[in-house]
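A quick write-up on the structure given underneath.
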Amino acid sequence: MVGRAGDGPTWRDVVRQAARDAAVREMSAGRDEENILFNYRWEHTQAVVRLALRLAELTGADRDVVEAAAWLHDVAKGQGEDHGQDGAAAARRILTGTDYPQDKIEAVAGAVLNHVGLWREEPLEPIEAAVLWDADKLTKLGATAVLHFVGYWIDAGQGTTEHLVGRLPDGDWQPRIVRNLQTAPARAAGQRRWELFQTFCEQAARELGGDDLGLSQ
């Protein structure tokens, strides 16, 4: 068994390593790890963990479930047609036999299964699944989203200023994300992040074209 007390890595070590390995596997695309300029998946996963833990504090969600699900939510990304279903199966496999509370494994798997997509028609329950959903979606809004998107495109060889400025304000999917956030803290933060993202994109476009010159102070 892996991760038993006093007998090797803890479950946190195990899920973090599994997430790291999955991120490298997805982003390498035939490259060596050292040739990845920006590992978007790894940066995204770490951000989701931080947000999920904070939302757990604010909502009373089970911290163990939220943390494990956040590390493992994209562990099967890019490996099959349904990374939610595949990720849920992987979560069960990874956590079984570690020092993780075995009676919480199905809650983790359920949260991973249900995090896929950008919006949904029905409210998501239980609270741990809602927290994972919100943490995942919040990473696509705001200042950190700008950094992550830019890093992803640069790594993909699409790093000209014109390309970046043109790609950032990409349709109406972000306000739809805000409307579909599940918890009150995430909805409030999501609205602020979306407004900041819009402001940044508008300012970047003005600066690129010189349209900010000659404006009254």
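Just so it is clear, none of the values below were taken in a lab; they were calculated from the coordinates. Since this is a predicted model, take the numbers as computed values, not measurements. Glycine gets a Cβ as well: all are built from the backbone with ideal geometry, and neighbour counts include every protein chain shown.
Here region 91-217 is assigned +1 on the Cβ of each Lys and Arg and -1 on the Cβ of each Asp and Glu. Its dipole about the Cα centre then comes out at about 160 debye.
Each of Thr199, Asn39, Ala111 was placed along the dipole of region 11-209 (beta-carbon charges, centred on the mean Cα), and the one lying farthest toward the positive end is Thr199. Note on Lys77: lysines with a C-alpha under 21 Å away, same-chain residues under 8 apart excluded, are Lys137, Lys140.
When only alpha carbons are used to place a centre, region 167-217 and region 124-162 end up 13 Å from one another.
The charge dipole of region 11-209, taken about its Cα centre with unit charges on the Cβ of Lys, Arg, Asp and Glu (plus for the first two, minus for the last two), comes to roughly 360 debye. Highest average first, the peptides 161-171, 21-31, 38-48, 104-114 ordered by how many other beta carbon atoms sit within 10 Å of their residues are 104-114, 38-48, 21-31, 161-171. Overall, region 23-116 carries a charge dipole of about 80 debye about its Cα centre when +1 sits on the Cβ of Lys and Arg and -1 on the Cβ of Asp and Glu, all other atoms neutral.
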